[in-house]
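One structure is given here, and the rest of the page talks about it.
The values are calculated or read from the model by the stated rules, or taken from the named source; none is laboratory data. Nothing here was measured: the structure is a model prediction, and the numbers come from that model.
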Amino acid sequence: MRLGPVEKRVLSALSELGGGVYLPRLGGYVHRDWQPDGRYVVPPDLTAAERASLRRAVASLERKGLVEGFTMWDGQELGLSEVWLTPDGLDLAESLR
């Protein structure tokens, strides 16, 4: 199964976060910058392009059966607010490590 770079980061981040997370928080983990001392710098907010990229990656992973999302009204739009790894997604995330 072919995965894009953002899809791989989504799977890795979900695995590190215990399998599931609130979508805006996931964005910070997916778009983090790695520092030489091992720390992550999490941006305080995602740009519109980063949000769109994250939503596309999550939607693609959902179609592939690797994640499942919970749709809720977030005050601005109807969209995924929580994302969780499926058993297949967890297996694939572990193999990417």
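Some observations on this one:
- Members of segment 75-90 that are modelled with pLDDT of 55 or more and in a strand (DSSP E or B): Gly79, Leu80, Ser81, Glu82, Val83, Trp84, Leu85
- Some residue of segment 8-21 being farther than 21 Å from Ser95 by Cα and at pLDDT below 85: no
- Leading residue by the ranking (modelled with the lowest pLDDT) among those in segment 40-74 that are over 15 Å from Leu14 (Cα atoms) and of a type in the set (Asp, Glu): Asp74
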